[in-house]
Amino acid sequence: MKGRLFVAGQAVLIVVVVLSPRWGDQWEAPLWARWVGWSLAAVGAVVTVAAFPQLGGALTPLPEPREGAKLTTAGVYGWVRHPIYSGVLAMGWGWTLASPTLATAAAAVALTVLLATKARYEERLLRQRFASYSEYAARTPRFVPRLLQRGTKSG
């Protein structure tokens, strides 16, 4: 039940982010903000789409892992633990920068809080299911990759 509430809230907030510029309180963003916003949204879409096939049959919108799912730690999951959430957040914040409204900004903040809470809940379940999850979580950021550390190897 808890997982379904997360998904329903997420869906509502995404709709608000996407549709609120049509509700009339939009102001004109500077050109640079629109470029940054649309670029961020595009990167978010690419990350999200790239993460889908890496989960294979384990893919679900719910935070509860599917029965028989394996822990994915390679590909975009080697950069961040929740690349789909990262992509959704990048798209939401990108949309907010490109087409700002008070409703869009409020929904982007709420979406950030919701996905952070959902990720913590999901991680509790993943720690229970996979003995190696804590080690993976210790070396892999939740949402934003450590770009400068990516190329270094220890040992």
> Applying 1/(1 + (r/R0)^6) with R0 = 22 Å to the Cβ-Cβ distance of Ala131 and Arg66, what FRET efficiency is obtained, to the nearest 0.05?
Replying inline: 0.75
> How long is the gain from Val36 to Val18 if the chain were fully straight, where each residue apart is worth 0.36 nm and the alpha carbon distance is subtracted?
Replying inline: 4.8 nm
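What Kirkwood hydrodynamic radius do you get for region 82-131 when you take the inverse of the mean 1/r over all pairs of distinct Cα atoms, in Å? Spell out each step's value before the answer.
Working: mean 1/r = 0.0847 Å⁻¹.
About 11.8 Å, per the Kirkwood formula over Cα pairs.
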>> Defining a contact as two alpha carbons under 8 Å apart and six or more residues distant in sequence, what relative contact order in percent does the chain show?
In response: 35
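Please work out the ratio of the alpha-carbon Rg of region 70-155 to 2.2 N^0.38 Å and round it to two decimals.
Values: Rg = 15.0 Å, N = 86, 2.2 N^0.38 = 12.0 Å.
Dividing the Cα Rg of region 70-155 by 2.2 N^0.38 Å gives 1.25.
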>> Place a point 7 Å from Cα of Val109 in the direction of its Cβ. Which residues in region 82-98 have their backbone N less than 18 Å from it?
In response: 89-90, 92-98
>> Looking at the chain, I'd like the Rg to Rh ratio, where Rg is from alpha-carbon atoms and Rh is Kirkwood's inverse mean 1/r.
In response: 1.01
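Just so you know, all these numbers are worked out from the coordinates, no wet-lab data involved. Here the structure is a predicted model, which means the values were calculated and not measured. When we count neighbours, we look across all protein chains shown, and the Cβ atoms used for this are built from the backbone with ideal geometry, even at glycine.
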